[in-house]
Amino acid sequence: MLLIPIAGFSSRIISNEPLLIAISVGLAYLVVPAYLLHIWPARKRANVKSMHDALLAGELVTVEHQVSQVAQIDEMEDEGFHFLLTTESGDTLFLSGQDLYGPVDRKGFPSTRVRIFSNVVSGLRYGIEPLGLPLESWPVYESLTLEQLRSKDALEDGTYYKQSIPDLVLKLGLRMAPSGATHNVA
């Protein structure tokens with residue numbers, strides 16, 4: 001898009017056609033883009049550390065939980081699995097994300113005991129490790145609607161809630177998934 005205006009302006013100054021083409025192309029494809037990249041503010045990169053770097057920096061935290069009850073919320077598109085876990089303290093932990101695909105596909109999660117790896121500074125969850133016996137069945141609810149995701153009561157990944165799973169299901173207005181009331185491991 002820059003070539004035509006530059007060539008038009010340069011043609012008033014330069015009468016030699018091969019020189020006009022060379023200067024116009026050089027300005028349009030090299031000089032102007034290089035200048036714009038130089039003055040354009042650099043995008044700030046997120047300070048995301050690898051799990052190894054977080055360990056070395058003392059930012060890696062691991063938390064283990066005994067799990068007594070589990071419920072799954074169907075995913076919308078490909079944002080990852082959503083699970084509600086009742087922990088030993090009676091709180092409900094909401095875990096959500098694509099990092100749950102692996103443990104679920106290996107039939108290790110959900111389980112009676114889990115270890116969660118995260119960065120204490122950034123809050124980034126690196127993953128989970130199922131430690132206990134895999135659960136054989138759990139209730140599955142329909143996916144969250146856009147309205148539920150935008151509400152002030154929306155669930156947040158890695159957050160502990162004082163309400164029990166049935167109370168959260170009622171509060172969010174979740175309905176059992178039509179594919180069956182429970183997920184059974186085959």
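The values are calculated or read from the model by the stated rules, or taken from the named source; none is laboratory data. Everything quoted here is computed from the prediction, not taken from an experiment. Cβ placement follows ideal geometry from the backbone for every residue including glycine, while neighbour counts extend to all protein chains displayed. For the accessible areas, the whole protein counts, side chains as well, though only heavy atoms, and no ligand, DNA or RNA atoms are used. Shrake-Rupley method; radii C 1.70, N 1.55, O 1.52, S 1.80 Å.
Going by the structure shown, is Glu75 surrounded by fewer than 17 Cβ atoms within 10 Å (Cβ to Cβ) and either among the acidic types (Asp, Glu) or in contact with a Gly (Cβ under 7 Å, 6 or more places away or on another chain) (or both)?
no
Report, ordered by the first and then the second residue, all pairs with beta carbons closer than 7 Å, sequence separation of six or more or different chains, a first member in segment 94-108 that is assigned to a strand (DSSP E or B), and a second member that is surrounded by fewer than 18 Cβ atoms within 10 Å (Cβ to Cβ) and acidic (Asp, Glu).
That search, which allows pairs on different chains as well, returns Phe94/Glu156; Phe94/Asp157; Leu95/Asp157; Ser96/Asp157; Gly97/Asp157.
Residues checked against (1) out of contact with any helix residue (DSSP H, G or I) (no Cβ under 9 Å at 6 or more places or on another chain); (2) at pLDDT 85 or above; (3) farther than 16 Å from Glu79 by Cα; (4) not in a loop (DSSP other than H, G, I, E, B):
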site	(1), (2), (3), (4)
Val114	no, yes, yes, yes
Gly132	yes, yes, yes, no
Gln163	no, yes, yes, no
Pro166	yes, yes, yes, yes
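Quick one: how many residues across segment 78-115 are aliphatic (A, V, I, L, M) and either over 18 Å from the mean Cα position of the chain (by Cα) or open to solvent by 60 Å² or more (accessible area, probe 1.4 Å) (or both)?
2
Contact list please: Cβ distance under 6 Å, first residue in segment 55-75 and farther than 25 Å from Thr86 by Cβ, second residue of a type outside the set (A, V, I, L, M), pairs at least six apart or on different chains.
Here the result reads Glu59/Asn119, each pair linking segment 55-75 to a residue that is of a type outside the set (A, V, I, L, M).
Output the residues belonging to segment 1-29 that are of a type in the set (Ser, Thr, Tyr) and in contact with a helix residue (DSSP H, G or I) (Cβ under 9 Å, 6 or more places away or on another chain).
Selection gives Ser10, Ser11, Ser24, Tyr29.
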